[in-house]
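Just below is one structure, and these are the notes that go with it.
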Amino acid sequence: MVTRRAERTGAETPTADIDGAPVSVTAAVLNGALPGGYVLRTPVNVDVWREGTEIVADAPDLNIHAFGADADTALVNLGTRIVDQLARLEELGDRLAPRMARERDRLRDLPVAPRA
């Protein structure tokens, strides 16, 4: 079951443009439950904006982003991407380059594994 995991901070800031058009970015916070029974230990700051017909949810500190038809879907998809990225990096184990190993370690600090 997916629950709403983002609280909008209400901060909207015009930022750099995309293809010459100004873009308004809304700050949000991703927290709580993630897919697969994971739970975030600490909130993740997220930037949300419209790009064409899609909404982008970007976690710049994690270098992970996702898309959706609306902000809630984009945020749910971002949670899924965080869990999937951690799983992929864990599967690669000691075959990771140093930069990717640091990314894996940073992601390990975020979610708590589901209880068995």
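The values are calculated or read from the model by the stated rules, or taken from the named source; none is laboratory data. It should be emphasised that the depicted structure is a prediction, and the values quoted were computed from it without experimental measurement. FYI the Cβ positions are ideal-geometry reconstructions off the backbone, even for glycines, and counts take in every protein chain you see.
Need pairs with beta-carbon distance below 8 Å; first residue farther than 18 Å from Asp84 by Cβ and in a strand (DSSP E or B) and within the stretch 29-45, second modelled with pLDDT of 90 or more and acidic (Asp, Glu); sequence gap 6+ or separate chains.
Taking only residues 6 or more apart or on different chains, the pairs are Asn45/Asp61.
With Glu91, Glu54, Glu103 as the choices, which residue is at pLDDT 90 or above and surrounded by fewer than 11 Cβ atoms within 10 Å (Cβ to Cβ)?
Numbers: Glu54 fails: surrounded by fewer than 11 Cβ atoms within 10 Å (Cβ to Cβ); Glu103 fails: surrounded by fewer than 11 Cβ atoms within 10 Å (Cβ to Cβ).
Sole residue among the options that is at pLDDT 90 or above and surrounded by fewer than 11 Cβ atoms within 10 Å (Cβ to Cβ): Glu91.
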